[in-house]
1. Of all residues in the stretch 18-41, count the ones that are exposed (fewer than 15 other Cβ atoms within 10 Å of the Cβ) and assigned to a helix (DSSP H, G or I).
2. Among (1) surrounded by 11 or more Cβ atoms within 10 Å (Cβ to Cβ); (2) part of a helix (DSSP H, G or I), where does residue 6 come up short?
3. Any residue in the stretch 34-53 that's in contact (Cβ under 8 Å) with a residue 40 or more places away in the chain: show its pairings with residues that are exposed (fewer than 11 other Cβ atoms within 10 Å of the Cβ) and assigned to a helix (DSSP H, G or I) at Cβ separation under 7 Å, as long as the two are six or more apart or on different chains.
């Protein structure tokens, strides 16, 4: 599987995990940690996108 596709799957899984954590009322710090990891992956995906479109 391509790196981009793998990254997109990881992003979707993490996004789902964050929503579930919010729904279950997880501790704020836990949700923030998930959100930070999600941001990191989204930035990585954007970097890949920028490299392929330059």
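1. The number of residues fulfilling the criteria is 12.
2. So residue 6 meets the others, but not (1).
3. 48/3
Values quoted throughout were computed directly from the atomic coordinates according to the rules given, and no laboratory measurement underlies them. None of the values given here were measured: they were computed from a predicted structure. Counting neighbours? That spans all protein chains shown, and the Cβs are built from the backbone with ideal geometry, glycine included.
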